[in-house]
Amino acid sequence: MSETTGAPDSAETRGDAVPDVTRIPLSQLEPAENPVLEAAIRRLVDEVTDGREVTAQFGNSP
Amino acid sequence: MIRSRGWPTDLDVASLIANGFQPYAFRDFVFKIHQRCNLACDYCYVYTMGDSSWRDRPMAMAPEVVRAAAQRIAEHAETHRLDEVRVILHGGEPLMVGREGLRATVSELRSAIAGGARLRVAIQTNGVLLDERMLDLLGEEGVEVGVSLDGAPADNDRHRRYADGRGSAAAVERALALLSSERYRPNFAGILSAVDPETDPVGTYEALIRYRPPVIDFLLPHANWNRPPARPGPSLTPYGDWLISVFDRWYDAPVRETGIRILDEILNLVLGGASRSEHVGLSPVTVVVVESDGSIEQVDTLRASYPGAGETGLHVATDSFDDALRHPGVVARQLGVRALAAECLSCPIHRLCGAGHYPHRYSFGSGFLNRSVYCDDLSRIIAHVQSRVAIDLERLSVVG
């Protein structure tokens with residue numbers, strides 16, 4: 001588990017090329033230059049914090 | 001009727017449950033409220049891929065079927081203590097039930113599911129009938145509206161046409177202009193768009209964001225190992241290449257212009273999260289379909305595999321949704337890594353792609369225990385996203 005956010009350590013999921021995002025302090029996201037990546041990291045942090053079960057939704061409606 | 005004998009037909013559900021597998025409750029209930037469509041799109045999985053079951057069902061879902069299905073949802077939500085469920089009104093073209101039919105359907109749903117789980121109602125439409133009166137009704141009923149459009153008019157009209165050959169873009173663009181206006185925008189759920197590698201990906205994306213959709217969902221055309229996708233041009237991965245061009249345009253914009261569902265999910269997977277889409281990742285699929293005659297079925301896109309592929313033999317009048325949770329086809333989509341073929345398990349990104357969209361794995365004989373027919377395309381887009389994200393995260397780590 002990540003000591004920063006409590007997220008599962010999922011290096012196996014990410015693959016070797018990507019650092020463990022859950023170890024990046026949230027304050028460091030503020031100067032992030034990429035709003036898409038920033039939103040993605042915030043979503044992940046929210047999901048980890050929320051702890052709700054994630055299931056796959058219907059793919060033929062947005 | 002052609003029947004597949006391949007996996008998961010022979011899945012031993014009782015043994016799985018005895019060994020600890022617990023089915024995940026359904027959250028998305030797709031109601032096929034109208035079986036006919038006012039368009040004749042050439043790639044439609046309902047009408048053009050060999051399944052003609054729509055001909056034998058009632059054209060519209062009768063009020064008593066809506067009521068029975070809604071009561072089954074309430075029962076399911078109570079049994080599993082769900083705090084939210086979503087009903088997606090689908091077809092055919094669901095707006096063909098008319099304004100009063102829609103109002104009655106939503107009213108029946110809200111009445112049956114009142115007091116328990118929060119009910120979200122969405123509709124997926126081709127947009128042709130989406131005028132101000134219809135939008136007023138959908139607004140009053142709190143229905144989220146998704147519209148299908150494949151990009152710029154000429155690109156859209158390559159596939160999305162009326163039966164007489166006329167393109168649908170002009171009508172759909174009128175609808176989207178209304179839906180994206182301040183008055184109706186709160187009900188705008190997003191745009192569905194099928195990927196055509198013969199179109200300009202950036203041009204397609206920019207044609208769609210003119211309507212400021214909250215989400216764009218780019219879908220790979222339905223295909224499988226017996227019916228492989230068209231691959232025009234010299235590239236071996238035209239769909240992956242197309243998505244990469246869209247990704248770079250979207251990812252490098254100075255602001256986040258919209259969500260792109262498949263790319264948002266790949267990003268989340270690359271970062272270590274789980275997918276909320278049935279197109280990538282290994283999250284359990286919690287979708288079930290109610291046909292216009294009350295039959296309970298698996299996701300209807302399975303029709304693209306072989307006729308009758310989505311059948312469960314269950315009906316809302318006699319069976320609960322919990323009964324459907326024990327159907328091999330439903331269980332197969334909740335097994336995660338255990339539902340992957342051996343060739344996938346040896347691939348380093350199998351937890352990211354999840355072997356892609358389930359219908360795209362089908363092959364006569366072996367059923368759905370295969371890699372995706374889009375495997376190379378998915379590998380290419382996922383590797384690209386991994387590479388871009390790795391560079392940016394490394395910079396964040398260094399700055400910190």
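The values are calculated or read from the model by the stated rules, or taken from the named source; none is laboratory data. None of the values given here were measured: they were computed from a predicted structure. All Cβ positions, glycine included, derive from the backbone under ideal geometry; neighbour counts span all protein chains shown.
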*For the stretch B:24-34, which residues satisfy the criterion of being more than 17 Å from the chain's Cα centre (by Cα) and either buried (at least 23 other Cβ atoms within 10 Å of the Cβ) or more than 11 Å from chain A (Cβ to nearest Cβ) (or both)?*
B:His34
*Matching residues in the stretch B:176-204 - criterion: being of a type in the set (Phe, Trp, Tyr) and either over 19 Å from the mean Cα position of the chain (by Cα) or more than 16 Å from B:Gly259 (Cβ to Cβ) (or both)*: B:Tyr184
*asked:* Restricting to the stretch B:55-73, give me the number of residues that are of a type outside the set (Lys, Arg) and surrounded by fewer than 20 Cβ atoms within 10 Å (Cβ to Cβ).
replied: 8
*asked:* With the structure loaded, tell me whether B:Thr199 is among the β-branched types (Val, Ile, Thr), at negative phi, more than 10 Å from chain A (Cβ to nearest Cβ) and part of a loop (DSSP other than H, G, I, E, B) or whether it fails that test.
replied: yes
*Somewhere in the stretch B:198-207, is a residue surrounded by 17 or more Cβ atoms within 10 Å (Cβ to Cβ), more than 24 Å from B:Ala40 (Cβ to Cβ) and of a type in the set (A, V, I, L, M)?*
no
*Would a scan of the stretch B:186-194 turn up a residue that is touching a His at 6+ places or on another chain (Cβ under 9 Å) and part of a strand (DSSP E or B)?*
yes
*Check B:Pro94 against each of (1) in contact (Cβ under 8 Å) with a residue 60 or more places away in the chain; (2) surrounded by fewer than 14 Cβ atoms within 10 Å (Cβ to Cβ); (3) within 14 Å of chain A (Cβ to nearest Cβ) and name the one condition it does not meet.*
(2)
*Given the structure, is B:Ser181 at negative phi, surrounded by fewer than 17 Cβ atoms within 10 Å (Cβ to Cβ) and more than 14 Å from chain A (Cβ to nearest Cβ)?*
yes
_Checking the condition assigned to a loop (DSSP other than H, G, I, E, B) and touching a residue at least 24 places away in the same chain (Cβ under 8 Å), which residue from B:Ala163, B:Ala207, B:Ala177 passes?_
B:Ala163
_Taking the conditions exactly as written (surrounded by fewer than 20 Cβ atoms within 10 Å (Cβ to Cβ), out of contact with any Phe, Trp or Tyr (no Cβ under 8 Å at 6 or more places or on another chain) and free of Cβ contacts under 8 Å to residues at least 12 places away in the same chain), does B:Ala114 satisfy them or not?_
yes
*Within the stretch B:110-118, identify whether any single residue is within 21 Å of A:Ala56 (Cα to Cα) and touching a Leu at 6+ places or on another chain (Cβ under 6 Å), and answer yes or no.*
yes
*Tell me which residues, restricted to the stretch B:8-23, are surrounded by 12 or more Cβ atoms within 10 Å (Cβ to Cβ) and in a loop (DSSP other than H, G, I, E, B).*
B:Pro8, B:Thr9, B:Leu11, B:Asp12, B:Phe21, B:Pro23
_When the residues of the stretch B:1-54 are narrowed to those that are in contact with a strand residue (DSSP E or B) (Cβ under 9 Å, 6 or more places away or on another chain), more than 28 Å from B:Ala74 (Cα to Cα) and aromatic (Phe, Trp, Tyr), which ends up modelled with the highest pLDDT?_
B:Trp7
*Do we have B:Val46 as closer than 30 Å to B:Ile260 by Cβ and in contact with a Leu (Cβ under 8 Å, 6 or more places away or on another chain) here?*
no
*Just to be sure, is B:Ser283 part of a loop (DSSP other than H, G, I, E, B) and closer than 17 Å to B:Leu378 by Cβ?*
yes
_Output for the stretch B:232-279, where each listed residue is in a loop (DSSP other than H, G, I, E, B) and more than 7 Å from every other protein chain (Cβ to nearest Cβ)_ = B:Pro232, B:Gly233, B:Pro234, B:Ser235, B:Leu236, B:Thr237, B:Asp252, B:Ala253, B:Pro254, B:Glu257, B:Thr258
*asked:* Quick check on my filter: what residues within the stretch B:41-58 are in contact with a Lys or Arg (Cβ under 6 Å, 6 or more places away or on another chain) and either over 22 Å from B:Val287 (Cα atoms) or of a type in the set (Lys, Arg) (or both)?
replied: B:Cys41
*Filtered residue count, the stretch B:372-400, keeping only those that are surrounded by fewer than 23 Cβ atoms within 10 Å (Cβ to Cβ) and not in a helix (DSSP H, G or I)*: 1
